[in-house]
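To start, the structure itself, in structure tokens.
Read-outs throughout are calculated quantities, based only on the coordinates presented, and are distinct from any laboratory measurement. As the structure is a computational prediction, the values presented were derived from the model and not from experiment.
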Amino acid sequence: MKNTETAAPARRRNRRGEGAKLRDEIIAAAVELLDEEGDERAVTLRSVARRIGIAAPSIYPHFPDQPAIMLAVVRLEFDRLAAVLRTAREGGGQDPRQRLFAVCHAYLDLAQTHPERYRTMFGGLWIAPALGESSLTEEDLVALGAEALQILTDTLGDCVAEGQSTSTDLASDAVALWLGLHGLAHQRAVTRAFPWPADIAERIIGALAHLENT
């Protein structure tokens, strides 16, 4: 792991009512560290504080511990994922099948563009000790990704409505499709030299979405 302890210049104290600004700066610093180091262990209260030029105790009014910072980062990235998928769906044209492919490829592209963030979103090292040993609760983790999954479910549902998919269990098939995309994204990240078929994504999407051949 690289050295993350380069101190930023001392930060000007926020005026009254600017606490939300400091919270956003803490999250942004954590994302920067994650991108630079590729390892959430680089995101500590001390490293974040040094990055933005504050004392580590100044973080506590906003985040009680490191897992709480990581949860905020992950929520931010899931919000980004949902926005990317929504944009892909809205710009995917009139054909439901093409919209589904657009959404799925947008998912894969985001995972490839930000591999460190993506890995952390889906159970990085921060998640293991989180429950029972930090401020996080099970409810904090259960809701992660719900909006993105709903967009995928709705897009698949459009295919069913138009007779382009034979899915009879929309919710379960949407989860299966998500898992297929996740598996491909993960394998592309860790097995770069494998000779993937050029249409591997289309094969996975078509099979798991139960798309009719056209």
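Odds and ends about this structure:
- Estimated 222 nm signal from helices in the chain, with DSSP H stretches of n ≥ 4 weighted -39500 (n - 2.57), rounded to 500: -19500 deg cm²/dmol
- Considering the chain at the alpha-carbon level, its Rg and Dmax are found to be 19.9, 62 Å.
- Nonlocal amide H pairs with S165, under 5 Å, H built at 1.01 Å: V160, E212
- The angle separating the long axis of helix 170-190 from the principal Cα axis of greatest extent in the chain is about 60 degrees.
- Rounded Å value of the spacing that divides the Cα centres of the range 169-208 and the range 70-116: 14 Å
- Cα long-axis angle, helix 19-37 against the chain (0 to 90 degrees, to the nearest 10): 70 degrees
- Extension gain for R192 to R41 (0.36 nm times residue separation, less C-alpha to C-alpha distance): 51.9 nm.
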